[in-house]
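Notes follow once the structure below has been shown.
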Amino acid sequence: MTGDEPLEESESGEPTTGEPLTDGDERSSSALRTDGGAAGADDVALDPWGSSSVSDYRKLFEEFGIEEFDEVLEEVPNPHYLMRRGVIFGHRDYRPVAEALRNDEPAAVLSGFMPTGDPHIGHKLVFDEIIWHQQQGADAYALIADLEANSARGMSWAEIDEHSRDYLLSLLALGFDPEEGTLYRQSTNRELQDLAFELGAEANFSELQAIYGFDGETDVSHMQSVVTQMADILYPQLEEPKPTVIPVGPDQDPHVRLARDLAERMRFFKVSEAYASFELEDDERELVAEFYDRLDPADFDDETLRCVHVAEALEETPLSEIDADADTLSSVLTKLEEAGMEPVRPRTRFFDRRATEEAFDALIDAIEGEKRVYESHVDAFDVDRDEAEELARETEVDNGGYGFRPPSSIYHRFMTGLTGGKMSSSIPASHISLLDDPEDGYDKVKAATTGGRETAEEQREKGGRADECPVYELYAYLLSGDDDEFAKRVYDECVGGERLCGDCKEQAAQLMKEFLEEHQEKRAEVEALLERTDIELESPRRR
Ligand code: TRP
Ligand code: SF4
């Protein structure tokens, strides 16, 4: 990469048409990255209503705690090609979903679409993710975020209806089964709005301000659209709690994190582990656990390990051998010393956070073995952590609570725009709409920026830069479909210098045209199917 070549664009912002590499005039943007990085952008702020570009996916792991998808890939049955090819690059807590799919246990998938324009090939990624989970046995939900489009984007109801229909037709054309799955629009889903109202009681303005940068000028409907999305994300669990995955772009991660928090705040009980009557923070608990394992009760009077003994042992241990910071150590010592002669006994603790009295009583009754009941918690001595979680959830559900599991998420890379930079609905040449005339789709691919070299000669010598090529991305994300070998062949031939951009784009353009033709035929075929679903295609609202 030379790092100094400008994007070749005409003044109108239209890219110059890339000619086959034979005459040596094709330029490529050195700033292009298949990881969706916009040239020069180095911020990783995740803003659901801002520009969706992420320049450095590694930072998402480091700063936001998104985990690498590769680490769960092996646990996923028949992984989708977007998973195999690293297009789905990250996740939060996907393991329970993968496990449920593997074991044919209940699971759900849900994602939402703001009907602000035409569905394009970036949305197709999400459609495919929903459909794949449905085919693996998950309950599938797709929703039209019409309240959000109206409040956050100012779309009129007529525009919303038109775009919604287009999203839904493409979703069905790609294979979503509406008889098995659920489609809804936010504005007409009463249950959803009730749930949103309830969730809203668990969040306050300061929190939305911190997460989304809302301020005194933010209108209340926009805030309402946030709690509505929270309700969307938890909606699949209204009937019963189940592992649920939300496939989205990483810009939606703030929503996922808030939904995970709210799910937790709605729970009746919180389960934790303790060693004595007092509370321990996570790092404090690790320290006590370590010493509990190390010490042998037989070494103490009446064969009982007491809090003071652990404190003494801690004090006798050189600091260098203690795997905790000074604050943790001193607070643990204080707690142990205050508890004095109290025996140390590991236990599972159930906190009553917002349970009704009946629910708390029911929980107490349901705990087997030795237990000790306090004002607002119960300690159980014969129930392990997992059993305790299960019991807490069951008791909650039996007593009128939701018992939500924290929703999981998977994140896909944003596609690079065909003209370089980010794919943007406002730049038609940068993306391919699923409604584009197949000939236009063909032309857009032919005109795309590539990762090719300046001359054919150079390309044969050094190979192309498939990793920085939006055309290669088309192959990997869409045109190769499930055929990994084909995608790999394109890649190898490109970087090996056997493939030149002219022919490569011709092939991609042809495949794109065929894809659009087929997709649009299927869209026409599913019209009737869409009419039969119970989603309202016309909003009664007009203003
Ligand atoms: N906010 C999403 C967007 O901007 C749309 C959306 C609404 C959504 N509710 C959702 C996405 C629930 C995932 C899950 O596109
Ligand atoms: Fe050129 Fe194709 Fe390689 Fe892209 S993938 S650089 S278009 S040969």
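The values are calculated or read from the model by the stated rules, or taken from the named source; none is laboratory data. As the structure is a computational prediction, the values presented were derived from the model and not from experiment. Please note: Cβ atoms are built from the backbone with ideal geometry, for glycine as well, and neighbour counts cover all protein chains shown. The accessibility values were calculated without ligands, DNA or RNA, using every heavy atom of the protein model including side chains. Shrake-Rupley method; radii C 1.70, N 1.55, O 1.52, S 1.80 Å.
Any idea what log10 I(q)/I(0) is at q = 0.09, 0.15, 0.20 Å⁻¹ for region 211-343, Debye with uniform C-alpha scatterers and no solvent?
-0.51, -0.80, -1.07
From the backbone phi of region 124-132, what are the Karplus-calculated ³J(HN,Hα) couplings (6.51 cos²θ - 1.76 cosθ + 1.60, θ = phi - 60°) in whole Hz, Gly and Pro given as x?
Coupling constants for region 124-132: 4, 4, 5, 3, 4, 5, 5, 5, 4 Hz.
Largest first, what is the accessible-area ranking of Glu514, Glu538 with a 1.4 Å probe? Don't skip to the end; give the middle numbers.
Numbers: Glu514 85, Glu538 140 Å².
In descending accessible area the options line up as Glu538, Glu514.
What distance in nm separates the two pseudo spin-label positions at Gln135 and Leu529, each 7 Å out from Cα along the beta-carbon direction?
Going by the 7 Å Cα→Cβ label model, 1.3 nm.
I'd like to know which of Leu363, Leu479, Pro438 lies farthest towards the positive end of the charge dipole of the chain, counting +1 on Cβ of Lys and Arg and -1 on Cβ of Asp and Glu.
Toward the positive end, the furthest listed residue is Pro438.
Using alpha carbon centroids, what distance separates region 375-402 and region 310-374, in Å?
17
Report the dimensions of region 385-453 along its three principal axes from the alpha-carbon atoms, largest first, rounded to Å.
For region 385-453, the Cα extents along the three principal axes come out at 61, 30, 18 Å.
For region 307-370, which trypsin sites (Lys or Arg not before Pro) are in a loop by DSSP, counting at most 13 other Cβ atoms within 10 Å?
Details: sites: Lys335, Arg347, Arg349, Arg353, Arg354; in loops: Arg353, Arg354.
Answer in residue order: no site qualifies.
Run the quick spin-label model on Leu319 and Glu521: label points 7 Å from Cα toward the beta carbon, then report their separation in nm to one decimal.
Inter-label distance under the simple model: 7.6 nm.
Summing Lys, Arg as +1 and Asp, Glu as -1, what charge do residues with Cβ under 11 Å from the Cβ of Tyr442 carry, Tyr442 excluded?
Here the charged neighbours net out to -4.
At a Förster distance of 45 Å, what's the computed FRET efficiency of Glu375 paired with Glu179, Cβ-Cβ distance as r, to 0.05?
About 0.35, to the nearest 0.05.
Please go through the residue pairs Lys446/Lys488; Lys59/Lys444; Lys422/Lys444; Lys422/Lys513; Lys59/Lys270; Lys335/Lys371 and name each one whose alpha carbons sit more than 25 Å apart in this structure.
Lys59/Lys444; Lys59/Lys270
Roll a 1.4 Å probe over the protein heavy atoms and report the accessible area of Asp365 in Å², nearest 10.
Probe radius 1.4 Å; accessible area of Asp365 about 130 Å².
Multiply the residue gap between Glu207 and Lys488 by 0.36 nm, knock off their C-alpha separation, and tell me the result in nm, one decimal place.
Separation in residues times 0.36 nm, less the Cα-Cα distance, equals 96.6 nm.
With charges set only on the Cβ (+1 for Lys and Arg, -1 for Asp and Glu), what does the dipole of region 206-308 come to about its Cα centre, in debye to the nearest 20?
580
Principal axis extents for region 279-427, Cα atoms only, whole Å, descending order, please.
77, 48, 22
Just how many % of Cα pairs in the chain lie over 33 Å apart, if you round to the nearest whole percent?
Across the chain, Cα pairs with separations above 33 Å total 51 percent.
Modelled label-to-label distance, Lys270 and Gln507, 7 Å Cα→beta-carbon offset: nm?
About 5.7 nm, to one decimal.
How long, wide and thick is region 439-535, going by the Cα atoms along their three principal axes, in whole angstroms, largest first?
57, 26, 18
Where does each of Asp118, Asp146 land when they are ordered by accessible area, with a 1.4 Å probe and the largest first?
Asp118, Asp146
Go ahead and run the numbers for FRET between Arg345 and Asn103, Cβ-Cβ distance against an R0 of 41 Å, rounding to 0.05.
0.75
Please work out the C-alpha center-to-center distance from region 487-543 to region 229-282 and express it in whole Å.
That distance is 35 Å.
Which net charge results for the neighbourhood of Ser430, defined as the other residues with beta-carbon distances under 10 angstrom from its beta-carbon, given Lys and Arg at +1 and Asp and Glu at -1? Write out the running numbers ahead of the final one.
Values: positive: Lys422, Lys444; negative: none.
Local net charge: +2.
Assign unit charges at the C-beta atoms only (+1 for Lys and Arg, -1 for Asp and Glu), then state the dipole size of the chain relative to its Cα centre in Debye, rounded to the nearest 20.
Dipole about the Cα centre, nearest 20: 1560 debye.
With every protein chain present, what accessible area does Thr455 have (1.4 Å probe, heavy atoms only), rounded to the nearest 10 Å²?
50
Could you work out the per residue convex hull volume over the alpha carbons of region 200-240, in cubic angstrom?
Convex hull of Cα atoms, per residue: 72 Å³.
Please report the antiparallel percentage of DSSP beta bridges with both residues in the chain, rounded to the nearest 5.
60
May I ask which residue of Pro428, His412, Ala447 lies farthest towards the positive end of the charge dipole of region 342-475, with charges of +1 (Lys, Arg) and -1 (Asp, Glu) on Cβ and the Cα centre as origin?
Selected residue: Ala447.
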